[in-house]
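Enquirer: Take a look at this one; I'll ask things after.
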Amino acid sequence: MSLVAASLQAAPTLRLCTADVPFYPYTMPDGSGYSQQLIRLALRGLPVQLKNHMAPRARCLQDSRSGQADALVGVFSTERLQWLSYPMKGGEPDAGSSLAQLRFMVYRRSGSTADWDGKRFYHLDHGAIGVQFGFSYGLELERLGVPLDDKAPSAEQVLRKLERGRIPLAVLQEEQGQALVQTRFAGKIEVLPQPFMQQNLYLIVTREFRARHPALVTQLWAAIASARGSAEYQRILATKPRPLGPQ
């Protein structure tokens, strides 16, 4: 056995859970998402083996809490600090170690009067706002006191509800919503100009994994920051993402 193979065999395993539906273009079920490729770049040369498994988003959170997963991809949430760790700087999440910067936009049926001005929602007619199940931006909507429809596991299913008039508005991650609106919902759904919120996307590890491998986790977050600015990753970003596929 070579020294490299032996060292890898002895290396800890990082069990990464990613959503089994597209979070386009950042995570994809086939592993082609930008953030998945960035994580693989960052892991090069580090003494850790990556093991992936896919599950519904809420199940990934449950697996990380129960010890069935060591890491997942997501945004910062104070509610999850009980069992998850983020790269921090000065008491705040370190944007420099993030995987990507995201915007979440508001969508409505073309011609609808339902609206969002950047601070308040209008003309909901007692309807609920559609969001994907298991995503933390729904908590921000709850803080505004608006009713939620968070039963749909995929972005396309959320927009199907919007198209059929079952909800007046939907909030989705910008690139994913844009890709769907330009293809499957062209002329039927439109995006409002004011974003609902902006957040950074991180590789999050469990507190238990970080306690066992503190130096490794610090190295990994630093490697993500370095790889994100690399020429190789810029070439990845310049390639056309794979199609969304069925949801």
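Enquirer: In segment 90-120, which residue that is touching a helix residue (DSSP H, G or I) at 6+ places or on another chain (Cβ under 8 Å) and charged (D, E, K, R) is surrounded by the fewest Cβ atoms within 10 Å (Cβ to Cβ)?
Expert: Arg103
Enquirer: Quick check on segment 1-37: of everything there that is assigned to a strand (DSSP E or B) and in contact with a Pro (Cβ under 9 Å, 6 or more places away or on another chain), which residue is modelled with the highest pLDDT?
Expert: Per the stated criteria, the residue is Thr18.
Enquirer: Would you check which residues across segment 74-87 are open to solvent by 50 Å² or more (accessible area, probe 1.4 Å) and touching a strand residue (DSSP E or B) at 6+ places or on another chain (Cβ under 9 Å) and list them?
Expert: Result: Phe76, single match.
Enquirer: I've got another one for you. What pairs can you find where one residue is in segment 123-141 and free of Cβ contacts under 8 Å to residues at least 24 places away in the same chain, the other is assigned to a loop (DSSP other than H, G, I, E, B) and surrounded by fewer than 17 Cβ atoms within 10 Å (Cβ to Cβ), and their Cβ atoms are less than 9 Å apart, with a gap of 6+ or different chains?
Expert: His126/Pro147
Enquirer: Acidic (Asp, Glu), buried (at least 16 other Cβ atoms within 10 Å of the Cβ) and closer than 25 Å to Ser32 by Cβ: is that true of Glu175 in this structure?
Expert: yes
Enquirer: Are there any strands (runs of 3 or more DSSP E) wholly within segment 137-247 with 2 or more residues that are at pLDDT 95 or above and more than 18 Å from the chain's Cα centre (by Cα), and if so which?
Expert: 189-191
Enquirer: Now for a different question. Mind counting the residues in segment 38-56 that are in a helix (DSSP H, G or I) and either crowded, with 21+ Cβ neighbours inside 10 Å or touching a Cys at 6+ places or on another chain (Cβ under 8 Å) (or both)?
Expert: Residues in segment 38-56 being in a helix (DSSP H, G or I) and either crowded, with 21+ Cβ neighbours inside 10 Å or touching a Cys at 6+ places or on another chain (Cβ under 8 Å) (or both): 3 in total.
Enquirer: For Arg65, state whether it is assigned to a helix (DSSP H, G or I) and either open to solvent by 10 Å² or more (accessible area, probe 1.4 Å) or among the hydrophobic types (A, V, I, L, M, F, W, C) (or both).
Expert: For Arg65, the condition - assigned to a helix (DSSP H, G or I) and either open to solvent by 10 Å² or more (accessible area, probe 1.4 Å) or among the hydrophobic types (A, V, I, L, M, F, W, C) (or both) - is met.
Yes/no matrix, rows are residues, columns are (1) farther than 18 Å from Trp221 by Cα; (2) charged (D, E, K, R); (3) free of Cβ contacts under 8 Å to residues at least 40 places away in the same chain:
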| position | (1), (2), (3) |
| --- | --- |
| Leu16 | no, no, no |
| Ala19 | yes, no, no |
| Gln36 | no, no, yes |
| Arg40 | no, yes, yes |
| Leu43 | no, no, no |
| Pro56 | yes, no, no |
| Gln62 | yes, no, yes |
| Ala71 | no, no, no |
| Val75 | no, no, no |
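Enquirer: Please list, ordered by first then second residue, the pairs with beta carbon atoms under 6 Å, 6 or more apart or interchain, first in segment 209-229 and touching a residue at least 40 places away in the same chain (Cβ under 8 Å), second open to solvent by 40 Å² or more (accessible area, probe 1.4 Å).
Expert: Qualifying pairs under 6 Å: Val217/Arg210; Ala225/Gly96.
Enquirer: If you don't mind, there's one more thing I want to ask. Give segment 182-216 a look and list any residue that's open to solvent by less than 60 Å² (accessible area, probe 1.4 Å), among the β-branched types (Val, Ile, Thr) and out of contact with any Phe, Trp or Tyr (no Cβ under 7 Å at 6 or more places or on another chain), or say none.
Expert: Hit for segment 182-216 is Val205, nothing else.
Enquirer: Let me ask you something else. Which of the residues spanning segment 149-172 are without any contact (Cβ under 8 Å) to a residue 60 or more places away in the chain and buried (at least 16 other Cβ atoms within 10 Å of the Cβ)?
Expert: Of everything in segment 149-172, those that are without any contact (Cβ under 8 Å) to a residue 60 or more places away in the chain and buried (at least 16 other Cβ atoms within 10 Å of the Cβ) turn out to be Asp149, Asp150, Ala152, Val158, Leu159, Arg160, Lys161, Leu162, Glu163, Ile167.
Enquirer: Further question: So, Ala71, is that one more than 12 Å from the chain's Cα centre (by Cα), open to solvent by less than 30 Å² (accessible area, probe 1.4 Å) and closer than 23 Å to Ile236 by Cβ or not?
Expert: Taking the combined requirement at face value, the residue satisfies it.
The values are calculated or read from the model by the stated rules, or taken from the named source; none is laboratory data. Quick caveat: nothing in here was measured; it's all calculated off a predicted structure. Cβ atoms come from the backbone with ideal geometry, glycine included; neighbour counts cover every protein chain shown. Surface accessibility is based on the protein's heavy atoms, side chains included, excluding ligands, DNA and RNA. Shrake-Rupley method; radii C 1.70, N 1.55, O 1.52, S 1.80 Å.
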